[in-house]
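The values are calculated or read from the model by the stated rules, or taken from the named source; none is laboratory data. Source: prediction; values computed, not measured. Glycine also receives a Cβ, built like all others from the backbone with ideal geometry; neighbour counts cover every protein chain displayed. Ligands, DNA and RNA are stripped out before the accessible areas are found, and what is left, the full protein with its side chains, is counted by its heavy atoms. Shrake-Rupley method; radii C 1.70, N 1.55, O 1.52, S 1.80 Å.
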Amino acid sequence: MKILLVKLSSLGDVIQTVPVIHDIHTALRGAQIDWVVEEAFAPLVERAQGLGRVWPIAERRWRKSRLHPATRQERAAFFAKLHIERYDAVIDFQGLIKSALVARQARLAPGGFRATYANGSEACSYEWPVRFMVNKALPMAQRIHAVARYRTLAAAALGYELGGEAVYRWTGLPASPAQDATPTVVLAHGTTRSDNEWPQADWIALGRRLIDAGCHVALPQAGAREMAFANTVAQAIGAGAEVWPAIGLAQVLDHMAACAGVIGVDSGLSHLAVALNLPHVQIFSQPRVWRAGPIGQAHQRAVGGDQAPGVEAVWQTWQAVWQASNLGRPASESKAPV
């Protein structure tokens, strides 16, 4: 069975869709799974274990010059290549008109179908016309965690029973750091949403506590604004803090996998920490924990919600996470699943 996943963006949502791959392979042995995703996220998706072809699409870039001849030519060439394949199932996990249009461009095998959500869910993006743009519009719970929403849609579309926890599997991850190595904790401060931000002074205070506790601190960054923010934080923390250079998402995956844990705001990198099964504290400045926060693991916890938490609350949560991690986890919950 050939299956095409359509999940274009954003980074966090793309990462939270990855467990669908393991679910499908468990339920449908021998399935071939391809994925259409925004070109910026393709290098990361290519590291997800169990995929056939990843189709990088440039919708974000094309929107800036939609009528330019070069854009129209590139767009036509992309869909001409996509149309060569025949899929038994095309599943739109985004539930937006732009993603449904992509799904409709994919060619179906005889008896094939396209599927997406029949309705919106709380705090999830959805555009109602998509239900009329597919063969199967599948009902979804009104209040559901994002990962469960994606997994439930795939199971309902393909006709298998959903069971067990979400499983993320990646290829080519580096070995876990030695037990006696100085632990590096990532401070994932970057976010595209201003209402998800945490104060710079709080990051500095938290970083100093980590250094005093014998850890190194690493600050990822993407773009000039995040670079300036990270440099200020690192300089204020002092020795033991470093700012990562501008690197691609596949390299971020490897860098994070080699670290001891992550403290971050509700963002793509926090979801990547969950996907790597790292000790993790996710900071929420708005009531979205039920939809996007880590669940079911003592070594991964959310803090905050209706308002941003203070440094002390984050620090206490990190100490609990660190203790839970060092108490040992089952082998199936390895630090760097492959």
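The calculated Kirkwood hydrodynamic radius for the chain is 20.9 Å, given to one decimal from all distinct C-alpha pairs. When the accessible area of the chain is split by element with a 1.4 Å probe, what percent falls to carbon and sulfur? Within the chain, the accessible surface is 53 percent carbon and sulfur.
Ellipticity at 222 nm from helices only: DSSP H runs of n ≥ 4 in the chain, each -39500 (n - 2.57), divided by the residue count, give -10500 deg cm²/dmol.
Eigen-decomposition of the gyration tensor built on the alpha-carbon atoms of the range 219-261 gives equivalent ellipsoid semi-axes of 19, 14, 6 angstrom, largest listed first. Total lysine pairs in the chain at Cα distances under 25 Å, for residues eight or more apart or on different chains: 12.
Per residue, the accessible area of the chain comes to 43 Å² when a 1.4 Å probe rolls over the protein heavy atoms. Each peptide in 209-220, 59-70 gets a packing score, the mean of other Cβ atoms within 10 Å over its residues, and the list from highest to lowest is 209-220, 59-70.
For the range 190-338, rounded, prolate or oblate, judged on the Cα gyration tensor with a ≥ b ≥ c (square roots of eigenvalues), a/c < 1.5 rounded, else prolate if a/b > b/c? Judged from the Cα gyration tensor, the range 190-338 comes out rounded (a/c under 1.5).
Volume per residue of the convex hull around the Cα atoms, evaluated for the range 77-195, comes out as 201 Å³.
Report, in degrees rounded to the nearest 10, the 0 to 90 angle that the Cα long axis of helix 200-212 makes with the longest principal axis of the chain. The helix 200-212 is inclined about 60 degrees to the chain. Classify the range 133-218 from the C-alpha gyration tensor, please: rounded if a/c falls under 1.5, else prolate or oblate depending on whether a/b exceeds b/c. Oblate is the answer for the range 133-218, as a/c is 1.5 or above yet b/c matches or exceeds a/b.
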